[in-house]
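*Asks:* One structure follows; several queries about it will come next.
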Amino acid sequence: KELDAFLLIRQCYPNHDFSKKPLIVVAVVGDTTDCVQQFMKRWRTSRVDVDSRGKSCLERMMSVLVEGELAKTEGIMGLDWDKAQSEDGVNTSVEQLKVLVKSIGGELWSKAFETDRT
């Protein structure tokens, strides 16, 4: 938890083919829009990645799929954030990721996820 924002990271390999690059999905969920915006600004301006030579660099491949306020639905209120953030579940299937995305962000996040994957 950073700046009152939860960071949820998942990666999945298409058809469980580990020779391909994984799809990495990061959800930043915060108490306020301001804390999420501050977190995203830090992420884009800090050296958080490493290039092929091992030199630290800025994150350039990130794209925001959906942004906005979440409704306090049963799915998001019932989510165990500590368990969801544990590293045990970082590698997941596309199907499990779809369920998680829908439980947090509802139809809006589901549509954004599906649109980006096609």
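The values are calculated or read from the model by the stated rules, or taken from the named source; none is laboratory data. Just so we're clear, the structure is a prediction, and the values are computed from it rather than from any experiment. Ideal geometry is used to build each Cβ from the backbone, glycine not excepted, and the neighbour counts take in all protein chains shown. With ligands, DNA and RNA removed, areas are computed over all heavy atoms of the protein, side chains included. Shrake-Rupley method; radii C 1.70, N 1.55, O 1.52, S 1.80 Å.
*Asks:* Between residue 107 and residue 20, 0.36 nm times their residue separation minus their Cα-Cα distance comes to what?
*Replies:* 28.5 nm
*Asks:* Also, I was wondering about something else. Packing-wise, with mean Cβ within 10 Å as the measure, how do 98-105, 10-17 rank, highest first?
*Replies:* Highest-to-lowest ranking by the protection proxy: 98-105, 10-17.
*Asks:* Arrange the residues 95, 114 by how much accessible surface each exposes, largest first, with a 1.4 angstrom probe.
*Replies:* Ranking 95, 114 by accessible area, largest first, yields 95, 114.
*Asks:* Can you send over the solvent-accessible area of residue 65, 1.4 Å probe, protein chains only, in Å² to the nearest 10?
*Replies:* 80
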